[in-house]
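Where a number appears in this text, it was derived from the coordinates with a stated rule and is not lab data. The shown structure was predicted, so the numbers you read here are calculated from the model rather than taken from an experiment. Positions of Cβ are backbone-derived with ideal geometry, glycine not excepted, and every protein chain shown enters the neighbour counts.
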Amino acid sequence: MTASQPWTPDQPIVRIADVYKSFGAVEVLKGVSLNVMKGEVICIIGPSGSGKSTLLRCINALVPIDRGSIQVEGLETHDPKLNKLELRKKVGMVFQQYNLFPHKTALQNIMMAPVTVLKQDKAEVEVRARVLMKKVRLEGKEHSYPGELSGGQQQRVAIARSLAMNPDVMLFDEVTAALDPETVKEVLVTIRDLAEEGMTCLLVTHEMGFARELADHMYFTDRGVIVEHGPPKEFFSNPRDPRTQEFLSQIL
Ligand SMILES: Nc1ncnc2c1ncn2[C@@H]1O[C@H](COP(=O)(O)OP(=O)(O)OP(=O)(O)O)[C@@H](O)[C@H]1O
Ligand SMILES: [Mg+2]
């Protein structure tokens with residue numbers, strides 16, 4: 001495991017080098033390497049079980065790696081001496097299941113981590129939380145409970161909750177997969193807004209039109225390896241590997 005390094009913005013903000021991960025006898029990541037520059041949007045696609053979620057979870061150290069290195073802004077995320085809170089402040093993650101606290105309002109959900117984990121001043125956090133509600137286009141829903149919001153609205157609260165920690169990198173794992181088609185778009189618009197503001201985003205998604213439009217770089221994973229990657233134009237119109245070709249032919 002390499003030690004944390006000083007980081008400057010001309011270096012990858014996320015640097016994944018030769019990462020291996022097994023669950024018992026199942027090898028899930030088999031030498032994955034991938035770099036993301038600040039402000040880039042990368043999309044990862046691939047068959048079910050190919051290790052996409054595991055890779056994202058490894059980045060913010062929800063899952064330990066067996067071998068290799070993952071650095072975020074030079075911080076070695078799998079250094080046993082790492083202060084996890086430091087990493088949590090750098091990397092936000094949003095899942096398919098938004099998991100909001102049902103007995104707290106949208107605003108309270110957003111305020112929770114900065115107040116309880118970061119011990120920030122409640123009044124200041126509230127001001128920021130209200131700005132975030134506007135950013136995800138949910139002004140007026142501050143006092144709604146999750147049960148009173150649509151799936152797409154809840155997912156946008158979940159995104160705002162993640163942004164409340166002021167991360168430099170956002171990980172999105174199939175955040176629209178559980179939504180009704182009519183609310184998918186509003187969540188994608190939120191992510192597009194974020195990306196256009198310069199947020200570094202790593203997305204696992206099935207929204208190919210969105211990926212094509214927004215991604216700086218596409219990655220295709222199969223059985224724990226990155227089979228192919230490239231700029232979206234090339235990736236979608238001229239995939240080289242037969243596995244990518246087959247996958248794309250099934251979903252496009
Ligand atoms: N915590 C875990 N314990 C044991 N096995 C796991 C665990 N998490 C993932 N796996 C296994 O690792 C493999 C990859 O899973 P992963 O969730 O990363 O795939 P994925 O590409 O995200 O798939 P999907 O498209 O279905 O979300 C699968 O075989 C899965 O069963
Ligand atoms: Mg997954």
Could you work out how far the C-alpha centroid of the range 50-118 sits from that of the range 149-226, in angstrom? 15 Å
Order these peptides, 177-184, 224-231, 242-249, by their mean beta-carbon neighbour count within 10 angstrom, highest first. 224-231, 242-249, 177-184
Going residue by residue through the range 109-125, the Karplus relation 6.51 cos²θ - 1.76 cosθ + 1.60 with θ = phi - 60° gives ³J(HN,Hα) values, rounded to whole Hz and with x marking Gly or Pro, of 4, 5, 7, 4, 5, x, 6, 7, 8, 8, 6, 7, 4, 4, 5, 5, 5
Out of Ile45, Ala160, Phe172 - ranked by how far each Cα lies towards the positive end of the dipole of the chain, with unit charges on the beta-carbon of charged residues - the top one is Ala160
Determine the gain in length on full extension of the stretch Lys122-Glu213; use 0.36 nm per residue of separation and subtract their C-alpha separation, reporting nm with one decimal. 28.9 nm
Roughly speaking, what % of Cα-Cα pairs in the range 135-224 are separated by over 19 Å, rounded to a whole number? 40 percent
Label Asp168 and Leu82 with points 7 Å out from Cα along Cα→Cβ: what is the distance between them in nm? 1.4 nm
What full-extension length gain, to one decimal in nm, is calculated for Leu252 and Glu27 as 0.36 nm per residue of separation minus the Cα-Cα distance? 78.1 nm
³J(HN,Hα) across the range 87-103 via Karplus (A = 6.51, B = -1.76, C = 1.60, θ = phi - 60°), whole Hz, x for Gly/Pro? 5, 4, 6, 8, 10, x, 9, 10, 10, 4, 8, 6, 6, 6, 6, x, 9
Please list 140-148, 83-91, 185-193 highest first by mean number of surrounding beta-carbon atoms within 10 Å per residue. 185-193, 83-91, 140-148
So what are the three principal axis dimensions of the range 125-179 from its Cα atoms, in whole Å, longest to shortest? 31, 30, 14
The range 28-141 - charge dipole about Cα centre, Lys and Arg +1 at Cβ, Asp and Glu -1, debye rounded to 20: 300 debye
The Kirkwood hydrodynamic radius of the chain, taken as the inverse of the mean 1/r over all distinct Cα pairs, in Å, comes to 18.8 Å
Report the calculated FRET efficiency for Leu62 and Ser4 (r = Cβ-Cβ distance, R0 = 22 Å), to the nearest 0.05. 0.70
Just to verify a number: FRET efficiency for Arg130 and Glu234, C-beta to C-beta distance, R0 = 35 Å, to 0.05? 0.25
Residue-by-residue Karplus 3J(HN,Hα) for the range 191-207, coefficients 6.51, -1.76, 1.60, Hz, glycine and proline x: 5, 4, 4, 4, 4, 5, 7, x, 5, 6, 10, 10, 10, 9, 8, 9, 7
About its Cα centre, how strong a charge dipole does the range 105-225 have in debye, to the nearest 20, once Lys and Arg get +1 and Asp and Glu get -1 at the Cβ? 300 debye
Show which lysines lie in cross-link reach of Lys21 when reach means a straight Cα distance below 29 angstrom and same-chain residues fewer than eight apart are skipped. Lys30, Lys38, Lys52, Lys81, Lys84, Lys89, Lys90
With only Lys, Arg, Asp and Glu charged, each at its Cβ (+1 for the first two, -1 for the last two), find how big the charge dipole of the range 14-251 is about the Cα centre; round to the nearest 20 debye. 540 debye
Looking at the range 1-109, which chymotrypsin sites (Phe, Trp or Tyr not before Pro) are in a loop (DSSP not H, G, I, E or B) and have at most 16 other Cβ atoms within 10 Å? Trp7
Return the distance in nm (one decimal) between the two label points of a simple spin-label model at His143 and His206, each offset 7 Å from Cα along Cα→Cβ. 3.9 nm
